[in-house]
Amino acid sequence: MCGIVGYIGNKKACPILLAGLTRLEYRGYDSAGVSTIEKNGLSLMKNKGRVKNLYDLDGIDKLEGTIGIAHTRWATHGKPSNENSHPHQDNSKRISVVHNGIIENYSELRGLLESNGYHFYSQTDTEVIPNLIHYYFSKNTEDNSVMGFLRAVRDACLDLKGSFAIEVITDYFPDNMIVVRKDSPLVIGTCDDEKYISSDIPAILSFTRDFYLLNDFEFVLLSRTSARFFDSQLNEFQKNTDVIEWNSSAAEKDGFEDFMLKEIFEQPNAVRETIGSRISNNLTCDIDELNFSKEDLKKINKIYIIACGTAMHAGLSGKNAIEKLCRIPTEVDIASEFRYRDPIVDNNTLCIFISQSGETADTIAALKLAKSKGATTIAISNVIGSSITREADFTIYTHAGPEIAVASTKAYTSQVILINILAIYFAETLESASCEQLKDLKSEILSLPKKIEETLECKEQIFNFAKKVYQEKDMFFLGRGIDETVAKEGSLKLKEISYIHSESYAAGELKHGPIALIENGVTVVGIMTDEKLTPKTISNIQEVITRGAKTLIITNQVIDYNSFNEVIKIPNTSPFVSPILSVIPLQLLAYYISKEKGLDVDKPRNLAKSVTVE
Ligand code: F6R
């Protein structure tokens, strides 16, 4: 939520910042702004609305400064408006700050500053930060060097409760920038005499592959040629860079109309990358990042899979695989619920956290809670060095490549495949499933990239169906067993990008209430990939047809096509991994409905890519 970019180098900062913001807009798009260090002081240009509006601001093309900070906002405190847009400045206008996160004690700090003569012009929590820095800097008259300014930033940050990633520039020190984070992502890309700062790697991937991945309360004093790191006692320490393997074209649209469509079509490759060498052609399974012995796993009597949204839906297929193959009771929990419900966790519990971004505030908090209760923790993430990967005992990466569209697609399929591989790895270690069953599943997994390619061929059929239903107000998604987990994901995708209200149900549950909503012409999507459950689901679908529903069926089973309005045939596979194929027509359905309605597919209203606030 909220995107931050910064530049310090020898080129004009503003064009670099605007390009970075455009790439980061998926993190928030209520308002945007930049501040640069010019010869005559700090510039400040900001505006309500999308990043592209900034290009029209008077004088923005005249900015010459080679150091600057920029921000694209997802509003928390204060509605989207020019005053509430970032950057924010202190009252003397000599310090500019951008901030991602939430300052929980901002009204207390605002009170303190007001009683010291400071005034506030916005409703944001952020505006306290530059003023607090100014307050500490002007208080300490003995040290007006850049180290004194760093000390003032440190003092201000120690007063802040909540989460923050901030960039600070000041015309007191026109050759420097200070950045720091706590519970909110921030990375620094470095090359020659330039530093690029961002809340997300893809925004600056085209400039460098060498990144400093910051930990909480690491204060960084940047100049064009150096990055100096200090802990919260201001002791200096050395930090190494990490090399990020993603290539920059992975963060571009590559000829596709939208990132979402590109990412849907990247799924064969994304899943191939996720499988990697974890399952080899001779059907051995290994996860290099883990080293559980049979004894370690035997001690585990309960598994929680904890995540939010789409990642939680991937977790549901993990429960299916782990319970069936390993016979360990497994619960899937929404992170925001888990953290407040006093879950029964001890040192015989394994907690698996799934998060594409690795920065979801609720998931991070749930992870910290599970650790404090003695659980063993595994993070599944797509982003190298993200917060959950640094907290967890073990990390397994999905390697799906950057996911830019707000609606998650390839991250979901990669998570489903990875958690199935994890279940196989556990089952082999525990010897809890037959070799034959595991061998079949492994060879199914290896065949999936090809089968995803075949499934994507339904594009035209779904496009035509979307044209028929895009004006509807309600839809229903039904399935049983593993197919219900996909119904949930299909329904979420539709809601978030097409703004059509939809519900997902276990097919057998419909008649216990929701069937009252079925009336003439309403669209019901049925998913059937499990041979044992298909006849049951068909009966439930018949019940809605009788009441006038129009039906779209996604299946790999032999069924009577004539009974339904539209049937999408997908390749046959094991029900363990069928979500990877059955979700694809549903992703495309949401996509094409959104396009028919003329909506912004990649940046749906009210949403942002990574939810770094509670
Ligand atoms: C939906 C979607 C969200 C995310 C959720 C968790 O398309 O993208 O539901 O899945 O916000 O995000 P991560 O996986 O980054 O923790």
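Below are the figures for this structure:
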{"quantity": "Among the candidates 424, 445, 388, 380, residue that is in a helix (DSSP H, G or I), buried (at least 24 other Cβ atoms within 10 Å of the Cβ), β-branched (Val, Ile, Thr) and within 16 Å of the ligand (Cβ to nearest atom)", "calculated": "388"}
{"quantity": "Lone unmet requirement of (1) free of Cβ contacts under 8 Å to residues at least 12 places away in the same chain; (2) hydroxyl-bearing (Ser, Thr, Tyr); (3) not in a loop (DSSP other than H, G, I, E, B) for residue 274", "calculated": "(1)"}
{"quantity": "Residues satisfying the stated conditions in the stretch 34-52, i.e. over 20 Å from residue 195 (Cβ atoms) and either outside any helix (DSSP H, G or I) or open to solvent by less than 20 Å² (accessible area, probe 1.4 Å) (or both)", "calculated": "39, 40, 41, 44, 45, 46, 47, 48, 49, 50, 51"}
{"quantity": "The stretch 60-100: number of residues that are of a type in the set (Val, Ile, Thr) and in contact with a His (Cβ under 9 Å, 6 or more places away or on another chain)", "calculated": "5"}
{"quantity": "Residue match in the stretch 312-331 (condition: open to solvent by 10 Å² or more (accessible area, probe 1.4 Å), touching a residue at least 12 places away in the same chain (Cβ under 8 Å), outside any loop (DSSP other than H, G, I, E, B) and under 22 Å from residue 163 (Cβ atoms))", "calculated": "yes"}
{"quantity": "Residue satisfying condition, being among the β-branched types (Val, Ile, Thr), open to solvent by less than 20 Å² (accessible area, probe 1.4 Å) and closer than 27 Å to residue 300 by Cα, within set 409, 395, 413, 429", "calculated": "413"}
{"quantity": "Of all residues in the stretch 498-526 being open to solvent by less than 30 Å² (accessible area, probe 1.4 Å) and assigned to a loop (DSSP other than H, G, I, E, B), the one that is farthest from the ligand (Cβ to nearest atom)", "calculated": "518"}
{"quantity": "Members of the stretch 348-376 that are open to solvent by 30 Å² or more (accessible area, probe 1.4 Å), more than 12 Å from residue 387 (Cβ to Cβ) and either in contact with a Lys or Arg (Cβ under 6 Å, 6 or more places away or on another chain) or basic (Lys, Arg) (or both)", "calculated": "348, 369, 371, 373"}
{"quantity": "Hits in the stretch 332-347 (condition: open to solvent by 10 Å² or more (accessible area, probe 1.4 Å) and of a type in the set (A, V, I, L, M, F, W, C))", "calculated": "332, 334, 344, 345"}
{"quantity": "Top-ranked residue of the stretch 556-584 - restricted to ones that are away from the ligand (no atom under 16 Å from the Cβ), in a helix (DSSP H, G or I) and not aliphatic (A, V, I, L, M), ranked as modelled with the highest pLDDT", "calculated": "582"}
{"quantity": "Flag if residue 493 is open to solvent by 10 Å² or more (accessible area, probe 1.4 Å) and basic (Lys, Arg)", "calculated": "no"}
{"quantity": "Residue match in the stretch 286-299 (condition: assigned to a loop (DSSP other than H, G, I, E, B), farther than 18 Å from residue 420 by Cα and within 16 Å of the ligand (Cβ to nearest atom))", "calculated": "no"}
{"quantity": "Lone qualifier among 459, 468, 495 - being within 16 Å of the ligand (Cβ to nearest atom), modelled with pLDDT of 95 or more and not aromatic (Phe, Trp, Tyr)", "calculated": "495"}
{"quantity": "Cβ pairs under 8 Å, 6+ apart, first in the stretch 338-358 and within 16 Å of the ligand (Cβ to nearest atom), second basic (Lys, Arg) and assigned to a loop (DSSP other than H, G, I, E, B)", "calculated": "357/609"}
{"quantity": "Of the criteria (1) within 16 Å of the ligand (Cβ to nearest atom); (2) touching a residue at least 24 places away in the same chain (Cβ under 8 Å); (3) not in a loop (DSSP other than H, G, I, E, B), which one residue 403 fails", "calculated": "(3)"}
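Yes or no, residue by residue, for (1) over 28 Å from residue 76 (Cα atoms); (2) not β-branched (Val, Ile, Thr); (3) not in a loop (DSSP other than H, G, I, E, B):
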position	(1), (2), (3)
120	no, yes, no
124	no, no, no
129	no, no, yes
133	no, no, yes
147	yes, yes, yes
167	no, yes, yes
179	no, no, yes
206	yes, yes, no
211	yes, yes, yes
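The values are calculated or read from the model by the stated rules, or taken from the named source; none is laboratory data. Source: prediction; values computed, not measured. Glycine also receives a Cβ, built like all others from the backbone with ideal geometry; neighbour counts cover every protein chain displayed. These accessible areas exclude ligands, DNA and RNA; they are computed on the full protein's heavy atoms, side chains included. Shrake-Rupley method; radii C 1.70, N 1.55, O 1.52, S 1.80 Å.
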